[in-house]
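The values are calculated or read from the model by the stated rules, or taken from the named source; none is laboratory data. Note that the structure is a prediction, hence the values are computed from the model and not measured. Don't worry about glycine lacking a Cβ; one is built from the backbone with ideal geometry, like all the others, and counts go over all protein chains shown.
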Amino acid sequence: MKRPPLLILAFGLACSGLAPAAQRSTHKAHEPLRAGGRFLQVPQKQAVQTGLGSQDGILRGRDGEILGSEEDPEAALGGSFGNPFGLQLQANVVGRNLVDFTIDSAQIAGSSWSESFLVGFPNNPVQPTPVLVLFHGYGETPQDVLANSDFFEMGMKRGWIVVAPLGAHTYNYGIEYSQLNVEAALEMLAGTIAPSLGLTVDADRFYAVGFSMGGGAAASFVARHADTCGGLHFAGSAIHTGSTSLSYTYWSTPSIQTTFNSPLMFGGPPNDPALAFDYTRCSATDISWSTGNVDTTTDMVRNLTHMPVLSHYADQDPVATLITQTRTTHRQLRKRLGKGRLVHIPSTKHDWQTLNERRVFRMFRHAYQAPTSLTRTLADRAGDWHGLNITQATARVFSPFRWIVLPSTNRLVVDEVANIQTLKLTQPTCVGLNPDANLEVIFDSADGVPLEIVIGEIDDLPNDVWLAGAPTSSWSYDAVSKELTLFENAQGNYLKWTVFN
C-alpha cells in the first residue's frame, strides 16, 4: 500500500515521545560521558565529511542528493506529545521518512547507556516488511552510515525498513552491553514502532551489514541471536573489512588498547583470565595474534553456517589487520561448511563505498531457512538457540552442542553437549516435530554431566517412555505446563528416548 512521503507525520501525531527543545536533555547517547565521568582516553572522533548539509538543514547522501526535509522536526510533528509506549522514548524527524529514535538507558536491562537508532521507512512497504540492520564503523554515528553508503536509499526503495543502531556509543566494538542496546532497538522497532505505522516486520527477513568495527559487531550480533521460534534471528550477513576477533584487534592495534582497557569497555587486556570470555563471546573468531590460528573451541562463526555470508575487503586497504581478520574468519566459516563468499576489489580506501550494495541485496534475496543438516551451535549464555532453550551449568562459559531435526522420523538428535543443565524444546511444532505422535530423542554428552531434557506441547500424559529400548521411570509430566521432562544421566552412548503418545 502506498504511504505519504512524510508518513511520520501520522506517526508523530499519534505517538511521538518528542520533548520540547527547552526541556530536552543536551546529552546524546553517543557522547562519551557517563555518570559524571569521561570515557577514559577514548580516541577523539576526527571530523568527517559526511555530505550532511549543515547550512541549509537538508540531509544529503554521499553523492549530494537530497535525502531529507527542510521542515523543522517539531513543526513537522505538530509539537510535543505524550508517549503512549509507556517508555522513555524520543522520536525526532531528521529527513524524509527518516526518524532518529532514542531509548533511555533505564529501559535497557543490563546496559547503562541510552540507545539512539536511525530508521528509514519505505513509502511502498513490502508486507511483511524485511529489515536491514546497518552496523557503523569506528567513531561513526548512524547518520554517517546514511551519508556514506546507499543502503538506506536502496533498502527503502525496495520496500524494506532500514535501521542503523548506535550500539551505545561510537567506539563500542560490539561489546555485550552494546548488543543489549541493539536488541532493545530492534525489539522496539518490531514490536511497537512498525505496528504503530501499520507495518508487520518479517521476522524471517532480518539482514545485517557492518563495516570495519561494525563488520565485527555485525558478525558477532548475528552469531549470538538465533532465536528462531518467535525471536530475533537473521537470514544473511555481510562483513565489510571487519574486526571479527577482538583479542587480535587488541594486540595488533596498540592505539586501541587504552579504549579497551577503560572500565567503560572491557577493563583490561584479553589475556586477563577474568576478562578473556568478555572478548571472545563478542568475537566471531578468536584469532591468535602470535600464530594467526583460530581457537576452534570458541569460534562463534559456526553459528553462521546456515545462512549466506559475504566477506569483503579492498586489496590495498590501509588497515591490513582487518583484512587478516576478515580473511581468517571467512576461512573458518568455510571449514565449518558455511555458505561464505569472499570478495575483494582493487582499492586503497577504507570506507563503506568499496562495498557494492547491489551485490549485497542480491545475496539477501531469501528468507531465513532452518538448518536441515547436522549443525553445530555455540551458546555463550542461557537462552533460545534454534528452537532449543538452554540453561547453563556454569555461567560465563561456552555451551557447545550439535543437533539435527528429522521430521520424517519425528526425531531430535543432540550430541557433543557440554555445560548445559537444561535443554528445553519448548515448541516441537516450531522445528517440524509432531508432539502428538511418538517422539524420539537421541542424546550424547561431551562432558558426562547429567541434565534435564524438557519437551513442551505435550497435551496429555504419555502412554509410556522408553530409554535404550526398555521402559524407564526417569521422567515426569507436568499437566499444567504440558511439559515432559526426561532425566538424562549423560552416561550412555547415543541412547534413544522414545515417547509413546
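Inspect segment 241-256 for any residue being on the phi > 0 side of the Ramachandran plot, in contact with a His (Cβ under 9 Å, 6 or more places away or on another chain) and in the same structural domain as SER178 (by TED's automatic domain parsing) and give the result as yes or no.
yes
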Among (1) surrounded by 15 or more Cβ atoms within 10 Å (Cβ to Cβ); (2) out of contact with any Phe, Trp or Tyr (no Cβ under 7 Å at 6 or more places or on another chain); (3) touching a residue at least 40 places away in the same chain (Cβ under 8 Å); (4) of a type in the set (A, V, I, L, M), the one test that VAL405 misses: (3)
Elements of type helices (runs of 4 or more DSSP H) contained in segment 82-196, each with 2 or more residues being of a type in the set (D, E, K, R) and in the same structural domain as GLY216 (by TED's automatic domain parsing): 151-157, 176-188
Qualifying residue in segment 150-157 (condition: surrounded by fewer than 20 Cβ atoms within 10 Å (Cβ to Cβ), over 14 Å from the mean Cα position of the chain (by Cα) and among the small types (Gly, Ala, Ser)): no
Meets criteria (over 28 Å from ARG365 (Cα atoms) and free of Cβ contacts under 8 Å to residues at least 12 places away in the same chain) for THR324: no
Flag if ASP204 is surrounded by fewer than 22 Cβ atoms within 10 Å (Cβ to Cβ), of a type in the set (D, E, K, R) and over 21 Å from the mean Cα position of the chain (by Cα): no
Index of the failed condition, LEU134 passing every other in (1) surrounded by 22 or more Cβ atoms within 10 Å (Cβ to Cβ); (2) among the hydrophobic types (A, V, I, L, M, F, W, C); (3) closer than 19 Å to SER196 by Cα: (3)
Only listed residue being crowded, with 24+ Cβ neighbours inside 10 Å, within 10 Å of the chain's Cα centre (by Cα) and under 26 Å from SER311 (Cβ atoms), chosen from VAL209, VAL222, VAL163: VAL222
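To keep it simple, each residue is scored yes or no on (1) buried (at least 17 other Cβ atoms within 10 Å of the Cβ); (2) of a type outside the set (Phe, Trp, Tyr).
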position: PRO435; (1), (2): yes, yes
position: ALA446; (1), (2): no, yes
position: VAL465; (1), (2): yes, yes
position: ALA468; (1), (2): no, yes
position: TRP475; (1), (2): yes, no
position: GLU483; (1), (2): yes, yes
position: TRP497; (1), (2): yes, no
Close pairs (8 angstrom Cβ cut-off, 6 or more residues apart or separate chains): on the phi > 0 side of the Ramachandran plot and part of a strand (DSSP E or B) in segment 481-501, surrounded by fewer than 17 Cβ atoms within 10 Å (Cβ to Cβ) and acidic (Asp, Glu) anywhere: none
Any hit, segment 342-363, residues being closer than 30 Å to TRP497 by Cα and not acidic (Asp, Glu): no
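What are the residues in segment 307-351 that are at pLDDT below 95 and either crowded, with 17+ Cβ neighbours inside 10 Å or in contact with a Phe, Trp or Tyr (Cβ under 7 Å, 6 or more places away or on another chain) (or both), if any?
Passing the criteria: only GLY340.
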Residue within segment 287-297 that is in a strand (DSSP E or B), surrounded by 24 or more Cβ atoms within 10 Å (Cβ to Cβ) and not hydroxyl-bearing (Ser, Thr, Tyr) present: yes
Single condition ALA367 does not satisfy, out of (1) crowded, with 17+ Cβ neighbours inside 10 Å; (2) touching a Lys or Arg at 6+ places or on another chain (Cβ under 6 Å): (1)
